[in-house]
Amino acid sequence: MGDGRTNAERGRNARAQLLGAARELIGELGWNGVSTRILAERAGVRSGLVHYHFESLQALLRQAAVEEMRRMLDGTMALLATAPDPTAGVEAMLSELDRYTGVDPASLLFTEAYLAATRDAGLREQMRELVRDFRGSLATSLARSGHPAPDAAATVVMAVFDGFLLHKGIDPELSAARIAPLLRQLTEPPPKGEHP
């Protein structure tokens, strides 16, 4: 007798449970605090399934973090894509960051992943690809609007976003409204006929 699911369905379900538990635990315990036993308990699966479905615990943590980061960045980039211009898109993205406290699970996952990437070349490369894609999309949008230095502006905007999120964990009083005017100046192209 069984529950009616195929082995493949049970395997996909176990993988999804492990990845979901990993996303939660990375923020709660820190990257190095997640063990196979704790992860399996949280996922509600046998600990042997961690190594059955993933090359290693680190590979599982890496995949969980990168998938969540990609999902969040894709959502953020959708704000840019639907905005009337890049400046409005950057302001929308910044306002979206206001919903993160710096100590919420998503913020902590990002922070832990950045720290872990300093010691994990595989994670660092995957995150570098995500960052490059995000920065490239922003730079392309800025270039289309006539911005004189789209690559540099995109790099600074991303650094502001990352720093803003890190600082919110220390000072929850920070708000997007305080830095939006500066980002507006950074992302607006010069008026037609003017050179920077």
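Read-outs: derived from the displayed coordinates by stated rules, not from any lab. Quick caveat, the model's predicted, so the values are computed rather than measured. So basically every Cβ, Gly included, is an ideal-geometry build from the backbone, and we count neighbours across all protein chains shown.
Of note:
- Within the chain, longest stretch free of exposed GluC sites (Glu not before Pro) [DSSP loop, at most 11 other beta carbons within 10 Å]: 56-172
- Shown is the FRET efficiency for Leu57 and Arg10, computed with R0 = 22 Å from the Cβ-Cβ distance and rounded to the nearest 0.05: 0.60.
- Pairwise FRET efficiency - Ser47 versus Leu166, Cβ, R0 = 45 Å, nearest 0.05: 0.85
- With the alpha-carbon atoms of segment 73-176 aligned to their principal axes, the span from lowest to highest coordinate is 37, 34, 21 Å, starting with the largest.
- Dipole magnitude of the chain about its Cα centre (Cβ charges: Lys, Arg +1; Asp, Glu -1), debye to nearest 20: 520
- Short-range pairs are left out: with C-alpha atoms under 8 Å and at least six residues apart, the relative contact order of the chain is 21 percent.
- Alpha-carbon centroid distance for the pair segment 161-179 / segment 22-49, whole angstrom: 29
- Over all pairs of different C-alpha atoms in segment 1-104, the reciprocal of the mean inverse distance, the Kirkwood hydrodynamic radius, equals 15.7 Å.
- When the alpha carbon coordinates of segment 7-187 are projected onto the principal axes, the ranges are 54, 34, 28 Å, largest first.
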